[in-house]
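I have placed the structure first, in the form of C-alpha cells, so that the comments after it can refer back to it.
The values are calculated or read from the model by the stated rules, or taken from the named source; none is laboratory data. Just so it is clear, the model here is predicted, and its values are computed rather than measured. For neighbour counting, all protein chains shown are included, and Cβ atoms are generated from backbone atoms with ideal geometry for every residue, glycine included. The accessibility values were calculated without ligands, DNA or RNA, using every heavy atom of the protein model including side chains. Shrake-Rupley method; radii C 1.70, N 1.55, O 1.52, S 1.80 Å.
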Amino acid sequence: MTTMQHEFTADRQVERKRAWSNWATGMLFLLPSLLLFGVFLFYPMVRTVYLSLFLTDSQGVPIVFVGWENFLNLFQSTSFQISAKATALFVLYTVPAGIVLATALAILANQKLRGIGLFRTMFSATMGMSVAASSVIWMFLFNPSIGLFNRILAALNISGVQWLLDPQYALLSVSIATIWMNTGFAFLILLGGLQNIDQSLYESARIAGVSESCKLRKITLPMLSPTLFFVTTVSLINAFQTFGQIDLLTKGGPMESTNVIVYSIYKDAFINYNVGSASAQAVLLFVTVLVVTVLQFKIGERKVHYQ
Amino acid sequence: MKKLWIGSTAMALLLAACTSETEEAVQTTDATAAPAEDTGKTEVVFWHAMSGELETALNTLVDDFNASQEEYEVEPVFQGTYEEALTKLNTVAGTDESPAMMQVFEVGTKFMIDSGHIQPVQDFIDEEGFDTSIWEENITNYYSVDGVQYSMPFNSSTPVLIYNKDAFEAAGLDPEKSPMTYSELKEAAAALTEGEQKGFSILNYGWFFEELVAAQGGLFVDAENGREGQATEAVFNGEEGLNVFNLIKDMHDEGTFYNSGQNWDDMRAAFQSGATAMILDSSAGVKGMIDNAPFEVGVGYLPVPDDAERNGVIIGGASLWMADDIEAEQKQGAWEFMKYASSAEAQAQWHVDTGYFAINPAAYEEQIVVDQWAEYPQLKVTVDQLKETQANAATGGALISVFPEARQRVVNAMESLYQGADPQEALDQAAEETNRALEVDAAKNGN
Amino acid sequence: MTLTVSGLVMVFPILYAFLISFMQGGEVLQGSLWPETFSLANYVSAFERVPLLTYLWNSLLVSVLIMAGQLILCSLAAFAFVFTEFKGREWIFYLFISTMMIPWEATMVPNFQTVQSLGWLNSYAGLTIPFFAMAFGTFLLRQQFKTIPKELYEASQIAGISKLRFFTGVVLPVAKTTITTLAIYSFLTAWNMYLWPLLVTNNEANRTVQIGLKQMQTQEIASDWGVVMAGVVMVILPTLILLFAGQKRLQEGLTQGALK
Amino acid sequence: MRKVELKGITKSYDGKQDVLKAIDVTVEPGEFFVLVGPSGCGKSTMLRMIAGLESITSGELALDGKRANALTPSERDLSMVFQNYALYPHLSVEQNITFGLHVKKVSKREQKERCKEVCGMLGLTDYMKRKPRELSGGQRQRVALARAVVTQAPLCLMDEPLSNLDAKLRAKMRSEIRQLQRKLGLTMIYVTHDQTEAMTMADRMMILSDGDVQQIGRPLDVYNNPANTFVASFIGSPPMNLIDAEMKDSVLVADGHWMTPVTAAMKQKIGSGRVTLGVRPEHISLAKDSEPGFLVQVANVEVLGTETLVTFDFGEATQWIAKWPGQSSVQPGEQIRICVDDRHLALFSAEKGERIVCEAAPVKKVSL
C-alpha cells in the first residue's frame, strides 16, 4: 500500500510539473501579446486613470491633485453633456443602420448569379478606403454650394441643406459618411456568415412553401445571428471610438453637435492641454464602452442561435 | 523546452527584421544628410505646418538659403497642422528629438513663451545689434512682449473683404468701392442677395471675430490683452464684440448672410460658385482666389461699425521660434536662417509665391513684387490695410495660453447665432467658458 | 436591378474621386461630374509636391510589418487560448478583450513617451511594434481555432507531435482562410493610420502616404482639389487593388466548407 | 501486443460526481476488447483515459504491467482512431498517414515504405495524393485506420470509428478491422454504442452504463447470460423482451393474468415477490395445436427474408417481439398462439434488475 501511495504522489508530482509546463507554454505563447498590451495599452490606461485625478501642465505632468474634481466638472459642464448626447446619438445612428445596410447588401450579393463577384467587390470596396481619403471625398459631396447632394436637391427643386454646417444635420451627415465607410467590412463578414448557412435549410423551406420574408426571418437571420452578434460588438466599440472623420469633416462642430467624446478627449488633450480633463473623459468613455459591451453580451448571447 | 525556444526565435527574428529595417532607414537618412556632414555643415532641423503649395514655396526658400552659404543646412520637416505640430513639439521639447527651429501659429505665442524651452531671438538681436526697424512694426508687435522679441515673424496674413465685382455690377453697386462700414456692408449684402446668391459670409473661425473686434479697438481679454500681465478675464463680450455678433445676427435674420461653416475650402467654394458675393478671407488666399474665380474679384478693408474709429488689423499667421536646449551652432544656424528669411529678396519671393505679407517692407520695392502688383492690384490693398494699422493693445492681439480653447468657445457662440441665439447671451456664455479655462490654467501654474 | 443600383451607389464616391482627379482647376469648383479631358497633370503635381513614392514604399513596408507581427502574435495568443490549458486562461482572455475598449486617443501621449524613451522615434520599430498585439485579431482567430475539431489536437498528441509543430503544421494551414482575412484587415488598417505615424516620425525618410495626403491639403489658401484627389487615388489604389485581388481568395475561403 | 490493466480507475470532473466508478478490468495482449454502452455512459472517457487524453482521478492504469497514469499520450506508444477520423484537412492522404512518424524517428525512406505497405493493405494506393475532402466516407475511414496502423503501435484504441458510415459499409469495415487486428496481432480497445459491432467483433466486451461496469465477458456468454436487465435489453437485436411478474403460489403472474408455472428450484431462488421476466425473441415460437399457448394479437410483421419479426401486444402497455426463422405469413391483426421454452426464461430481481441464476431445467415448453 505504501508503494501505491508512493507511486501516487509520484504521479501527482509529474502532473503538477506538467500543469506548470502547460502554464508556461501557454504564457509563452501569450507573452509577446501580453507584453505589448502591457506597455502600450494597460500602462497608458493606468496612467490615464491616475492623471484624471490631477491638473497637469501642458506636457501632461501632474501638478495639482484635485481628486474627483475633473469628473465633477465634467458632469456639470453642458459641453460634456452635449458630447455624451452626441456620442449616444452617433452610435444610435451608425450601428443599427450600418448593420441593416450591410446585411441587406450581403443578402443581395449572396445570390447565385453570373457576375455576382463584381457586385461583391463593389460592396466591399469601402473596406479599402482610408478614413482620410473617404473624408476628403465626402467633404466634397457634402459641400453646400458645389457638393453633389445639394445639386441633386436643387435639380429636384428642393432647397439645399447645410449638411455639415447645420447642427441639426451635421451629426446625421457624419453618420451617413461613417456608415458608408464601415459597410465594406461588415458586408464581407456577413457575406461569409451567410455562405456558411446550410443550404438544406432553404431547400426544406422551399418544399414547405414558405414565403421569402418568412425564410429571412425564420432561417437567414437566426442562422446569421452569431455573425451579426460579432459584427454588432465590433461596430459598437468602433462607433464609440470614431475619430478620423469627425476631425476631418466637422472638427466637432457646429455648436459641438458632432463633438463626440473621443474628439472631445483629443481636443482637450492636444489642443487645450487639459490632460486631466481629457483623462477623466477617457476613463468615462472606457467605462461606458465596457458597460455597453457587457450588456450587449448579456442580452445578445441569449438571442444568438449557435449552429 | 525546444519548442518554446523556436517560438521565441520567431519573435526575435521578427524583431530583428524591424530593427534592421530601422537601421537601414537611419542609414538612408544619414545618406541624405551625408553631403552636409562632408562639407562640415551644421544641420538645423526646421519643423513647419505648411502643406500644399505653401510647402513648395517654403522648400524653395530653404533651398535658396542652403545654397547661399556653406555653414548651415536647414532641413524642413512637415509636422501636420499647426495644432498637430505644436502637440508634437510639446512632447519632445527639451529632448534630443527637439527641432532647432519651429513654426508656431500666432495663438500659440503665449504658450511657447510659458513653455520654458525656447530661446528668445532678442538675445541675438542684441548681440549683433541687428536693426529690427526693417521689420514691419505691426507684425513684430504681435510677437514681442515687454519689449522682448521672442520669435521671428514669418508667414503673416490679415483678413480682408473679398467681393465679386461682377455681382456688384449686376446689383447696381460700384465694383470699385468696397463696403467700409457695417451699414454699407448690410446694404450691399441686401442688394446682392438674389436667388441662390447671398450677400455676405464669414467663416466660423475665431480669428475673424478677433479681427473684427480689434478693428474697432476692442480687446479680447483684460490686462491690455494680456500684455500688461496675466489675463484673468475675457472681455470680448463687451460692446465691440456685441457689434460683430449683432451684425451677423441681423444679416442672418435678413437672409443676406451665408453660413459657410468652419472649412476654408468650403467658404471659398461658396464664393467661387456664386453662393455668396462677399466673404472675409485671409490675405494669403487672395491670389489663388483671383486666379480661380470665374469672375472679377475685388479686395477691400475689414468693415467697422459706422461710428467706430478704424484701428486696423491684428497680424495672423505664424512665427519662427528657436529651441533653447540645442547646441550653440544650431542656434546660430537658425538665427542665420531667420535673418535670411527676413531679407528683402527672400521676403519678396515669399510674398509673391504665397500671398503672405513681407515682414520686411523693403520687399515691396523689389521688382518681382512690383510686377505682381501690376498684375494683381488687389494685393496692394492687403498691404495698405496693414500699413494703416495703429499699433496698440487691440491690434497687438491677445496673449493667453488657452487661446485655442477660447477660439472654440467663440466659434460655438457664432454657430449658435444661426440657431437663433441672443447675441449678448451667446457672447456672455463664451466669455464665461473662457474665464473658466483661464482659471484652470491659472490653477495649474499655481497663480 | 436593386443590385446594380446599390452597387453604383456604394462605389459612386470612389468613382467620383477618380473623375475629379483628372479635372482641371475650374472644373472642380463648378461641380462638373465628368472631366472635359482626362488630364494627368494633377498626378504629376501630386508626385512633385510630396515624395509620394517614398511614402508609398514606407506605407507598404509598415503595413506588411504590422500585418506580419499581428498575424504572428494574434495566432500565437489565440492558439494558447484554445489549445493549451492553464489556470487563469479565461481571465487573461477577458483582459485581452477589454483592451478593445480602451480609446486609442487616450493612450497616445504616454505611448509616444514610451516609444521616445525606447529610442524608436523615426524608426520602423516605433511605427509598427506598438500595433503588433491586437485583441480583435486574437478574438477572431480564437473563434476560428475553436472550430478546429479537438480530435486533430488529440491525434497529434498521441502521435507525439509538439505543440509548436501542431501549431505550424496543422492549426495555421487549417485556419488559412481566416488568417488571410485577418491579414487583409490588418494590412488595410495599418495602411490607413495617420496620427501615429505623424507623431513618431520627424522626417520624410520613413513617413507614410496618409501624411502625404494631408500634406497636399492646405488651410489658409485654397486647396487644389484636383491634386488632392489625385493624392486620394494614389492612397487608395494599392488598398483597392489588394482588396480586388484578395476578393476571390476571400470568397473562396468563405464558401469552402472544408471538412466540417 | 500489449496488456492493459485498469485497477479501480475512477474519473471525476468536479470532485463530487464520478463519471466512472472504480473500473477493474484487464485486457489481454492481442485481444479485441469492446467497450459498449449507450451514449454518455463513460466509455469514451475511459478510452481517453487509457490514451492519456484525460487524467485519471484515482486508481491505476498499467500497460504491460507498468504503471502508466502519468505518461503522456505519446509515451504510451499506442494509436487511436477517432469517430470523426481527425484527418488533417490540408494534408494529402500520404501526408496524413505519415504525419507524426518523424517523432518516432522513422527515416524518410521507411516512412514511404510503410505508407505504401499500409495503403496497399487498405486499398488506398490510388488515393495517396488526394485530400481528405476528395474521399468518400469509407475511404476517409480507411485513411484513419492506415494512420493508426502505420505507427506500428502495439495497442490501438478506436472511438466509434464506424458510426459515420452507412449500414452496408459498416458491416464491411467491421470485418476488415477485425481481420486487420488479427493479422497485425494488435491489442485493440474499441468503443461503440452499437451492440451489433460489439457482438460481431469482440473477443470480450464490457458493457458500461452510467459509469458502472454492468458485465464483462465473451459476446455469447453475455448474450446468453446477461448479468442484469440493462445488459439483457442492451445486447441483442431486437432486445430481450421483459415484463414485470409476481410470484403467486407456484406460478409467476405477469400483468395480472399471464401465468407461468416455475420449477421448485426457481421458486426457491425467487422467493416471493416481484421479479422481471425476460425472453429472447428467438425463443418465442408459435404454439402447435398440442402445446399450451397464449393468444395474442399481432401488431406488426417485418419479414426480413431469412427471418420474420412479429410484434404483438403483450399485456396492457407492453409490446413483445418474436423472431422466427423463415418467412412467416402471419398478418397484422391476426390472433396467434405463442409459447416459450421455459429453459430460456430469464429472471431478474425486481429492485436491482440483477440476474437470478437458476440451474438449467429440462426443456419444457410452457405457456406464459
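Out of segment D:312-348, which residues are at pLDDT below 90, among the aliphatic types (A, V, I, L, M) and either touching an Asp or Glu at 6+ places or on another chain (Cβ under 7 Å) or open to solvent by less than 30 Å² (accessible area, probe 1.4 Å) (or both)?
Answer for segment D:312-348, where residues must be at pLDDT below 90, among the aliphatic types (A, V, I, L, M) and either touching an Asp or Glu at 6+ places or on another chain (Cβ under 7 Å) or open to solvent by less than 30 Å² (accessible area, probe 1.4 Å) (or both): D:Val330, D:Ile336, D:Ile338, D:Val340, D:Leu345, D:Ala346, D:Leu347.
Residues are listed down the side, and each one gets a yes or a no for (1) among the β-branched types (Val, Ile, Thr); (2) touching a Ser or Thr at 6+ places or on another chain (Cβ under 8 Å); (3) over 28 Å from D:Gln152 (Cβ atoms):
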site: D:Glu176; (1), (2), (3): no, no, no
site: D:Leu242; (1), (2), (3): no, yes, yes
site: D:Met247; (1), (2), (3): no, yes, yes
site: D:Trp258; (1), (2), (3): no, no, yes
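Among the listed residues A:Leu30, A:Leu51, A:Leu36, identify the single one that is aliphatic (A, V, I, L, M), under 30 Å from C:Leu73 (Cβ atoms), in contact with a Pro (Cβ under 8 Å, 6 or more places away or on another chain) and free of Cβ contacts under 8 Å to residues at least 60 places away in the same chain.
A:Leu36
Using the structure shown, decide if A:Ala104 is over 26 Å from C:Met234 (Cα atoms), among the small types (Gly, Ala, Ser), within 14 Å of chain C (Cβ to nearest Cβ) and more than 20 Å from the chain's Cα centre (by Cα).
On the way: over 26 Å from C:Met234 (Cα atoms): yes; among the small types (Gly, Ala, Ser): yes; within 14 Å of chain C (Cβ to nearest Cβ): yes; more than 20 Å from the chain's Cα centre (by Cα): no.
So A:Ala104 does not fit the description; no.
Return the pair list, or none, for Cβ contacts closer than 8 Å from residues in segment C:184-207 that are among the small types (Gly, Ala, Ser) to residues that are assigned to a loop (DSSP other than H, G, I, E, B), at least 6 apart or on different chains.
Cβ pairs passing all conditions: C:Ser186/C:Met134; C:Ala205/C:Asn122.
Considering each residue of segment D:330-344, count those that are assigned to a loop (DSSP other than H, G, I, E, B) and either within 23 Å of D:Ser237 (Cβ to Cβ) or among the basic types (Lys, Arg) (or both), and give that number.
Taking segment D:330-344 first, the residues assigned to a loop (DSSP other than H, G, I, E, B) are D:330-334.
So of that shortlist, the ones also either within 23 Å of D:Ser237 (Cβ to Cβ) or among the basic types (Lys, Arg) (or both) come out as D:330, D:332.
The total comes to 2.
Go through segment B:187-202 and give me each residue that's part of a strand (DSSP E or B) and buried (at least 23 other Cβ atoms within 10 Å of the Cβ).
Taking segment B:187-202 as the starting set, the residues that turn out to be part of a strand (DSSP E or B) are B:194, B:197-201.
B:Lys198, B:Gly199, B:Phe200, B:Ser201 - these are the residues of segment B:187-202 that are part of a strand (DSSP E or B) and buried (at least 23 other Cβ atoms within 10 Å of the Cβ).
In this structure, does C:Pro130 turn out to be within 30 Å of B:Pro99 (Cα to Cα), open to solvent by less than 20 Å² (accessible area, probe 1.4 Å) and either modelled with pLDDT under 85 or more than 7 Å from every other protein chain (Cβ to nearest Cβ) (or both)?
On the way: within 30 Å of B:Pro99 (Cα to Cα): yes; open to solvent by less than 20 Å² (accessible area, probe 1.4 Å): yes; either modelled with pLDDT under 85 or more than 7 Å from every other protein chain (Cβ to nearest Cβ) (or both): no.
No, not satisfied.
Could you go through segment B:272-294 and let me know if any residue there is crowded, with 19+ Cβ neighbours inside 10 Å and without any contact (Cβ under 8 Å) to a residue 24 or more places away in the chain.
yes
Quick check on segment C:70-83. Is at least one of its residues under 15 Å from C:Thr138 (Cβ atoms), open to solvent by 30 Å² or more (accessible area, probe 1.4 Å) and of a type in the set (Phe, Trp, Tyr)? So that I can check it myself, show each step before the final result.
Narrowing segment C:70-83 to residues under 15 Å from C:Thr138 (Cβ atoms): C:70-83.
Next, only the ones that are open to solvent by 30 Å² or more (accessible area, probe 1.4 Å) stay: C:71-72, C:82.
Adding the requirement that they be of a type in the set (Phe, Trp, Tyr) leaves none.
No, segment C:70-83 contains no residue that is under 15 Å from C:Thr138 (Cβ atoms), open to solvent by 30 Å² or more (accessible area, probe 1.4 Å) and of a type in the set (Phe, Trp, Tyr).
From the list A:Ser130, A:Ser175, A:Ser124, exactly one residue is polar (S, T, N, Q) and away from every other protein chain (no Cβ under 11 Å). Which is it?
On the way: A:Ser130 fails: away from every other protein chain (no Cβ under 11 Å); A:Ser124 fails: away from every other protein chain (no Cβ under 11 Å).
Selected residue: A:Ser175, the only one of A:Ser130, A:Ser175, A:Ser124 that is polar (S, T, N, Q) and away from every other protein chain (no Cβ under 11 Å).
Kindly indicate which of B:Gln408, B:Gln424 is more than 30 Å from B:Asn360 (Cβ to Cβ) and within 12 Å of chain A (Cβ to nearest Cβ). Explain how you work it out, then say what you get.
Working: B:Gln424 fails: within 12 Å of chain A (Cβ to nearest Cβ).
After applying the criteria, what remains is B:Gln408.
Suppose we filter segment A:102-115 for residues that are open to solvent by 20 Å² or more (accessible area, probe 1.4 Å), part of a helix (DSSP H, G or I) and in contact with a helix residue (DSSP H, G or I) (Cβ under 6 Å, 6 or more places away or on another chain); how many remain?
So the first thing to find is which residues in segment A:102-115 are open to solvent by 20 Å² or more (accessible area, probe 1.4 Å), and the list is A:104, A:107-108, A:110-115.
Subsequent filtering for residues that are part of a helix (DSSP H, G or I) retains A:104, A:107-108.
Retained after the next criterion (residues that are in contact with a helix residue (DSSP H, G or I) (Cβ under 6 Å, 6 or more places away or on another chain)): A:108.
Selection size over segment A:102-115: 1.
Keeping to segment C:45-54, report how many residues are assigned to a helix (DSSP H, G or I) and crowded, with 24+ Cβ neighbours inside 10 Å.
First, the residues of segment C:45-54 that are assigned to a helix (DSSP H, G or I): C:45-49, C:52-54.
Checking which are crowded, with 24+ Cβ neighbours inside 10 Å leaves us with C:46.
The qualifying residues number 1.
Any chance segment B:54-66 includes a residue that's away from chain C (no Cβ under 12 Å) and open to solvent by less than 10 Å² (accessible area, probe 1.4 Å)?
yes
Let's see how each residue does on (1) surrounded by fewer than 19 Cβ atoms within 10 Å (Cβ to Cβ); (2) within 32 Å of the chain's Cα centre (by Cα); (3) in a helix (DSSP H, G or I):
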residue	(1), (2), (3)
D:Met80	no, yes, no
D:Asn84	yes, yes, no
D:Tyr88	no, yes, no
D:Asn96	no, yes, yes
D:Val103	yes, no, yes
D:Gly120	yes, yes, yes
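Can you go through A:Ile299, A:Ile271, A:Ile265 and tell me which one is more than 15 Å from the chain's Cα centre (by Cα), under 22 Å from B:Leu438 (Cα atoms), more than 10 Å from chain C (Cβ to nearest Cβ) and among the β-branched types (Val, Ile, Thr)?
Working: A:Ile299 fails: under 22 Å from B:Leu438 (Cα atoms); A:Ile265 fails: more than 10 Å from chain C (Cβ to nearest Cβ).
Matching residue, one of A:Ile299, A:Ile271, A:Ile265: A:Ile271.
Which residues, counting only those in segment D:183-197, are in contact (Cβ under 8 Å) with a residue 12 or more places away in the chain and open to solvent by 10 Å² or more (accessible area, probe 1.4 Å)? Even if it seems obvious, please write down each step before you answer.
Residues of segment D:183-197 in contact (Cβ under 8 Å) with a residue 12 or more places away in the chain: D:184-197.
Listed by number, the residues that qualify are D:Leu184, D:Gly185, D:Leu186, D:His193, D:Asp194, D:Gln195, D:Thr196.
Results for (1) of a type in the set (Ser, Thr, Tyr); (2) at negative phi, shown as yes or no for each residue.
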| residue | (1), (2) |
| --- | --- |
| B:Gly274 | no, no |
| B:Ala277 | no, yes |
| B:Ser283 | yes, yes |
| B:Asp291 | no, yes |
| B:Glu296 | no, yes |
| B:Pro305 | no, yes |
| B:Gly312 | no, no |
| B:Asp324 | no, yes |
| B:Lys331 | no, yes |
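Could you list all residues from segment B:81-101 that are within 21 Å of the chain's Cα centre (by Cα) and either within 23 Å of C:Pro110 (Cβ to Cβ) or surrounded by fewer than 19 Cβ atoms within 10 Å (Cβ to Cβ) (or both)?
Step one: list which residues in segment B:81-101 are within 21 Å of the chain's Cα centre (by Cα), which gives B:81-90, B:99-101.
Result: B:Thr81, B:Glu83, B:Glu84, B:Ala85, B:Leu86, B:Thr87, B:Lys88, B:Leu89, B:Asn90, B:Pro99.
Restricting segment B:306-348 to residues that are more than 30 Å from B:Ala100 (Cα to Cα) and surrounded by fewer than 20 Cβ atoms within 10 Å (Cβ to Cβ), which is nearest to the chain's Cα centre (by Cα)?
Our first condition is that a residue be more than 30 Å from B:Ala100 (Cα to Cα); within segment B:306-348, this holds for B:306-313.
Now narrow it down to the ones that are surrounded by fewer than 20 Cβ atoms within 10 Å (Cβ to Cβ): B:306-310.
Working: B:Asp306: 28, B:Asp307: 29, B:Ala308: 26, B:Glu309: 25, B:Arg310: 22 Å.
So, considering only residues that are more than 30 Å from B:Ala100 (Cα to Cα) and surrounded by fewer than 20 Cβ atoms within 10 Å (Cβ to Cβ), the one nearest to the chain's Cα centre (by Cα) is B:Arg310.
Taking the criterion of being surrounded by fewer than 23 Cβ atoms within 10 Å (Cβ to Cβ), within 11 Å of chain A (Cβ to nearest Cβ) and closer than 17 Å to B:Ala49 by Cα, would at least one residue in segment B:71-80 satisfy it?
Among the residues of segment B:71-80, at least one is surrounded by fewer than 23 Cβ atoms within 10 Å (Cβ to Cβ), within 11 Å of chain A (Cβ to nearest Cβ) and closer than 17 Å to B:Ala49 by Cα, which makes the answer yes.
Looking at the structure I just gave you, is C:Glu36 assigned to a loop (DSSP other than H, G, I, E, B), more than 12 Å from chain A (Cβ to nearest Cβ) and of a type in the set (D, E, K, R)?
Numbers: assigned to a loop (DSSP other than H, G, I, E, B): yes; more than 12 Å from chain A (Cβ to nearest Cβ): yes; of a type in the set (D, E, K, R): yes.
So C:Glu36 fits the description; yes.
Does segment C:163-178 contain at least one residue that is modelled with pLDDT under 80, facing another protein chain (nearest Cβ under 7 Å) and open to solvent by 10 Å² or more (accessible area, probe 1.4 Å)?
No, that holds for no residue.
Among the numbered criteria (1) touching a residue at least 40 places away in the same chain (Cβ under 8 Å); (2) more than 7 Å from chain A (Cβ to nearest Cβ); (3) in a helix (DSSP H, G or I); (4) of a type in the set (A, V, I, L, M, F, W, C), which single criterion is violated by C:Ile14?
(2)
What pairs can you find where one residue is in segment B:300-323 and within 12 Å of B:Glu240 (Cβ to Cβ), the other is of a type in the set (Phe, Trp, Tyr) and surrounded by fewer than 23 Cβ atoms within 10 Å (Cβ to Cβ), and their Cβ atoms are less than 9 Å apart, with a gap of 6+ or different chains?
Qualifying pairs under 9 Å: B:Val304/B:Tyr182; B:Pro305/B:Tyr182; B:Ala308/B:Tyr182.
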